[in-house]
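None of the figures in this text is laboratory data; all of them are computed from the coordinates on show. Because the structure is a prediction, the values reported are computed rather than measured. Virtual Cβ from ideal backbone geometry, glycine too; neighbours counted across all protein chains shown.
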Amino acid sequence: MSEISAEVNLFFSFAVFAYFYKWEALYQAFGFTDTPTIIGMMLVFQFVLALYNQLASIGMVLHSRSAEFGADEFAAKLGHGENLISALTKLGVDNLSMPINDSLYSWCTHTHPPAVERVAAVRAFQAKKE
């Protein structure tokens, strides 16, 4: 799955670049009267693709978090929910990770959900299963 998403990301990066690097309004916005390719590359890479890359990064982080929750659910289905909870608790203590994170920041930047959220999700799955 990650290979497909990487290919799609690469395609969209090229498509965005191809659309914007000769766009005269972009050059004019930065005070250029002609459209030299090297300036176009710099403008597109620094300003246009920076926004696209940030949005794509958030999408990849959300996918990774979803996979983590899926793996936790799979472990709970196999009957290892309590072992997973114990391991996550120990990891949180050993790594001295912050137990409470800002949810929006966490959703946008952390590929792995905080241990507290993962433990709550495993407990919720176990309760639903019973």
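Things to note:
- For q = 0.10, 0.11 Å⁻¹, Debye-computed log10 I/I(0) when each Cα of the chain counts as one equal scatterer: -0.52, -0.58
- Rounded, prolate or oblate (a/c below 1.5 giving rounded, otherwise prolate when a/b exceeds b/c) for the range 54-130 by Cα gyration tensor: oblate
- As a proxy for reagent exposure, ranking VAL61, VAL8 by other Cβ atoms within 10 Å from fewest up yields VAL8, VAL61.
- Counting charges near GLN28 (Lys, Arg +1; Asp, Glu -1) among other residues having Cβ under 13 Å from its Cβ returns a value of -1.
- In order along the range 108-116, the Karplus-derived 3J(HN,Hα) couplings, from 6.51 cos²θ - 1.76 cosθ + 1.60 at θ = phi - 60°, round to 8, 10, 8, 6, 10, x, x, 4, 4 Hz, and Gly and Pro are given as x.
- Each residue of the range 6-23 was assigned a 3J(HN,Hα) from its phi angle through the Karplus expression (A = 6.51, B = -1.76, C = 1.60, θ = phi - 60°), giving 5, 5, 5, 4, 5, 4, 5, 4, 5, 5, 5, 4, 4, 6, 8, 5, 10, 7 Hz with x at Gly and Pro.
- Residues VAL122, VAL116 arranged by fewest to most Cβ contacts within 10 Å: VAL116, VAL122
- Taking Lys and Arg as +1 and Asp and Glu as -1, the other residues whose beta-carbon sits under 9 Å from that of ILE85 total +1.
- Order of ILE4, ILE85 - criterion: other Cβ atoms within 10 Å of each residue's Cβ, fewest first: ILE4, ILE85
- Against the chain, whose longest principal axis comes from its Cα atoms, helix 49-77 is set at around 20 degrees.
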